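> Just passing along the structure, written as structure tokens.
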Amino acid sequence: MNLNNKDILLMQRLIKRRKYFLAFSILGTLMGIVVLLYHIAKGDLDGTRFVLVVFILLAGRANLRQYRVSLLLEKLGGAAPRVDGDSAPRVNPPADGAGPAGGNIHDLR
């Protein structure tokens, strides 16, 4: 499976935004817990507010999943040569040359 320029750019953007995914995950989870505790203490936690809290927590979970995917892409050699000509550091390929989806990591270059 060969990756085209759009796929490589997508992988690079995901890897570049990894720290944002982690920050949004932590902030979303903390915000959901704070809102839940606030409404429990205030005594007005009805069904609608509970559903909103669940949605906030699910958004934090989705950001954590994005963070994990970006880590995985980086480990699989997703830091291929940049298409825009920037000389970003490259990830060394594994000794056996295996890369994403069983393909050859050297196909990305």
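The values are calculated or read from the model by the stated rules, or taken from the named source; none is laboratory data. Quantities reported herein were computed from a predicted structural model and do not represent experimental measurements. So basically every Cβ, Gly included, is an ideal-geometry build from the backbone, and we count neighbours across all protein chains shown.
> For the stretch 1-11, which positions are in a helix (DSSP H, G or I) and surrounded by 13 or more Cβ atoms within 10 Å (Cβ to Cβ)? Don't jump to the end; show me each part of the working.
Of all residues in the stretch 1-11, those in a helix (DSSP H, G or I) come to 5-11.
Within the stretch 1-11, ASP7, ILE8, LEU9, LEU10, MET11 meet the criteria.
> I'd like the full set of residues that are touching a residue at least 40 places away in the same chain (Cβ under 8 Å) and part of a helix (DSSP H, G or I), limited to the stretch 58-79. Don't jump to the end; show me each part of the working.
First pass over the stretch 58-79, keeping only residues touching a residue at least 40 places away in the same chain (Cβ under 8 Å): 63-64, 66-67, 69-71, 73-74, 78-79.
Once the filter is applied, which keeps residues that are touching a residue at least 40 places away in the same chain (Cβ under 8 Å) and part of a helix (DSSP H, G or I), the stretch 58-79 yields ASN63, LEU64, GLN66, TYR67, VAL69, SER70, LEU71, LEU73, GLU74.
> Please enumerate the residues belonging to the stretch 38-74 that are of a type in the set (Asp, Glu) and touching a helix residue (DSSP H, G or I) at 6+ places or on another chain (Cβ under 9 Å). Steps first, please.
So in the stretch 38-74, the residues of a type in the set (Asp, Glu) come out as 44, 46, 74.
Passing the criteria: ASP46, GLU74.
> When only residues in the stretch 12-57 that are more than 18 Å from the chain's Cα centre (by Cα) and outside any helix (DSSP H, G or I) count, which is surrounded by the fewest Cβ atoms within 10 Å (Cβ to Cβ)?
GLY43
> Report, by residue number, each residue of the stretch 19-53 that is without any contact (Cβ under 8 Å) to a residue 40 or more places away in the chain and among the hydroxyl-bearing types (Ser, Thr, Tyr).
Applying the first criterion (without any contact (Cβ under 8 Å) to a residue 40 or more places away in the chain) to the stretch 19-53 yields 19-20, 23-24, 26-53.
Passing the criteria: TYR20, THR29, TYR38, THR48.
> Follow-up. Conditions first: (1) modelled with pLDDT of 55 or more; (2) buried (at least 17 other Cβ atoms within 10 Å of the Cβ); (3) β-branched (Val, Ile, Thr). ILE105 passes all but one, so which condition is the exception?
For ILE105, the failing item is (1).
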